[in-house]
Each structure stands twice: as C-alpha cells, then as structure tokens.
Amino acid sequence: MRLDRPTGYVLYLLPGLWAVFLASGRRPDLLTVVVVAVAAVLVRGAACAVNDVVDKDVDARVARTVSRPVASGTISVGNALLFAAAQAVVALLVLAVANVETALVVGASYPLIVAYPYMKRVFFWPSAFLALVMSVYVLIGWTSVTGSADYPLAVFGLYACGAFWTLIHDAIYSHQDKEYDRKIGVRSSALLFGRATKAWLAVFIVLSVSGALWAGSRTAMGPAFYPIVVFAGVFLSYQVVRVDLDDPKSCWDTFVANSFYGWIILAAVIAGQFT
C-alpha cells in the first residue's frame with residue numbers, strides 16, 4: 001500500500017478535495033471529507049498492489065524498487081491480487097456511504113487503474129494516461145457531494161488542473177529511474193522529454209494554473225481565489241527551476257514537495273468561498 005510513503009495518496013486525494021469543497025460551498029460535510037479521504041487510501045493501495053504484480057520483473061531490476069514485496073518474493077502474486085481486490089471492494093462500500101453514484105464512478109475507473117501499468121510497455125507517454133486516471137478523483141469528489149454525475153464546466157477545469165499537475169510531478173518522479181528505464185526498455189516522461197523536460201514542465205504549469213483559474217471563473221469564486229492560484233503556480237515554477245533532474249534525491253524531494261501545490265489550490269478554493 002506504500003503507507004510509509006504518503007505522498008502518492010495525497011497527490012491522488014487533493015484533486016478530489018478541490019471538488020468536494022467547490023461543490024459544498026462554505027460548509028462541507030465532515031463525513032463526506034472523511035469518506036473521500038479513506039477511499040483514496042484504499043483505491044491508491046489497490047493500484048499499488050496491481051502495479052507491483054504487473055511490474056514485478058521490472059522492479060526486480062531497479063535498485064529503488066527491488067525490495068518491493070512481490071518483486072522480492074515476500075508476497076505471492078495471488079495474495080497481492082487478493083489484497084488489491086479487497087481494497088477495491090471496501091473502497092466501493094466506503095464511497096457508497098456518501099451515495100451509490102460515487103461508488104459507481106470510482107468503480108468505472110478501476111479498468112483504467114488496472115491498465116496503467118501496461119502503458120509503460122505499449123504507449124510512448126504513459127504519464128498522459130496516468131494523468132487522466134488520477135484526475136478522475138475530481139469527478140468522485142464532486143459526485144460525493146452532489147450525488148450526480150452531471151458535471152458543470154468548472155469541474156472539468158479542476159480536472160485539467162489536476163491532469164497537468166500529474167504530468168509535472170510524474171515527469172520529475174520518472175527522472176529517478178531514467179537510466180534503468182533506458183536499459184530495460186520501459187517508456188517514461190524522462191526518456192520522452194530528455195533535456196527538454198523543464199521546458200515541457202513550464203508549459204504544463206501554465207496549463208494547470210489556467211485550468212484552476214478557468215474553474216474559478218465558471219463559479220461564484222471571490223477575488224481571493226485568483227491570487228492564491230497564481231501563487232501556487234509561482235511555487236510550482238520554483239520547484240521546477242531548482243530540481244536537479246540528474247540527481248535522484250533531488251527528484252524525490254521535489255516530487256514530495258509537489259503536494260504543497262495541491263494544498264495551495266485547495267486553500268484557494270476555500271478562500272474563494274468566503275470572499
């Protein structure tokens with residue numbers, strides 16, 4: 001489940017919280033927030049287990065991942081899949097506490113979650129697929145509050161914000177393993193963009209911030225929303241400028257720091273409700 005490395009959960013959860021607070025207005029329901037948070041841990045945990053099964057042979061050849069349970073033989077493939085299925089089912093039950101529609105939305109995303117590990121083998125830009133999958137939590141957050149899958153345009157603005165943000169932090173993350181990926185033949189953003197990575201990340205920052213600003217423009221957000229979103233973009237730009245893409249530790253530290261961007265966007269959504 002990677003519970004010892006919570007950054008992945010936070011990156012998955014935060015776009016959902018953006019939508020929860022956008023849909024709820026000034027008084028979000030605490031139970032809904034808890035349900036969405038618990039389900040994010042379970043869905044992410046299931047995704048990690050599936051990923052470990054699909055990537056067990058690759059993980060065994062990469063220093064950073066060689067100790068993962070399935071790759072190292074600590075946990076069998078069968079038990080890993082049972083664990084993944086159990087988490088996926090419990091996540092559905094947890095989200096059904098909010099409403100059945102939310103459980104159906106997350107259930108519809110499960111085939112995409114299972115497909116993602118294979119994208120590194122067949123698709124030249126697997127991060128793009130991951131961005132689409134992770135941003136589904138925006139839809140889940142909105143449905144958990146409204147009980148409806150009829151999404152307004154503002155939700156798709158947040159979806160775009162989350163998707164382009166994923167392209168940024170996953171590209172930085174992938175630079176940790178680029179030499180191994182090159183030898184093994186696995187595709188990644190690091191290999192796709194190469195030395196032009198930071199230029200591409202600058203484009204994605206503009207698009208992510210634009211998605212958030214557009215979402216605000218489609219709702220009754222107060223004036224405090226906009227400068228906070230711009231500040232989030234400045235913060236993310238600073239992270240991209242300072243990261244050393246040839247230093248795995250620098251990449252990891254910057255990947256972890258990326259979560260602050262999501263928190264700042266959430267702060268903007270909350271502040272926009274009160275101004």
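The values are calculated or read from the model by the stated rules, or taken from the named source; none is laboratory data. Given the structure is predicted, the values throughout are model-derived calculations rather than measurements. All Cβ positions, glycine included, derive from the backbone under ideal geometry; neighbour counts span all protein chains shown. Note: accessible area is taken over every heavy atom of the protein model, side chains too, but ligands, DNA and RNA are not part of it. Shrake-Rupley method; radii C 1.70, N 1.55, O 1.52, S 1.80 Å.
Against the test of being in contact (Cβ under 8 Å) with a residue 12 or more places away in the chain and either open to solvent by less than 30 Å² (accessible area, probe 1.4 Å) or not aliphatic (A, V, I, L, M) (or both), the options G45, G78 yield a single qualifying residue, G45. Annotation note: of V234, V229, the sole residue that is crowded, with 22+ Cβ neighbours inside 10 Å, in a helix (DSSP H, G or I) and among the aliphatic types (A, V, I, L, M) is V229. Checked against (1) within 26 Å of L153 (Cβ to Cβ); (2) assigned to a loop (DSSP other than H, G, I, E, B); (3) free of Cβ contacts under 8 Å to residues at least 24 places away in the same chain; (4) of a type outside the set (V, I, T), P223 passes all but condition (3). State whether the residues of the range 173-185 include one that is open to solvent by less than 10 Å² (accessible area, probe 1.4 Å) and either of a type in the set (K, R) or under 22 Å from Y226 (Cα atoms) (or both). Scanning the range 173-185, I find no residue that is open to solvent by less than 10 Å² (accessible area, probe 1.4 Å) and either of a type in the set (K, R) or under 22 Å from Y226 (Cα atoms) (or both), so the answer is no. Here M1 passes the criteria (1) assigned to a helix (DSSP H, G or I); (2) open to solvent by 30 Å² or more (accessible area, probe 1.4 Å); (3) at pLDDT below 95 except the one numbered (1).
Taking the stated definitions as given, is A84 under 30 Å from S189 (Cα atoms) and modelled with pLDDT of 95 or more? When the stated conditions are applied, A84 passes them. Got a sec? Which of A60, A131 is under 22 Å from the mean Cα position of the chain (by Cα) and either at pLDDT 95 or above or open to solvent by 40 Å² or more (accessible area, probe 1.4 Å) (or both)? The match here is A131. Contact map, the range 229-240: first residue farther than 10 Å from A202 by Cα, second residue buried (at least 16 other Cβ atoms within 10 Å of the Cβ) and hydroxyl-bearing (S, T, Y), Cβ cut-off under 7 Å, separation 6 or more or different chains; pairs are A232/Y261; F235/Y261; Q239/T254.
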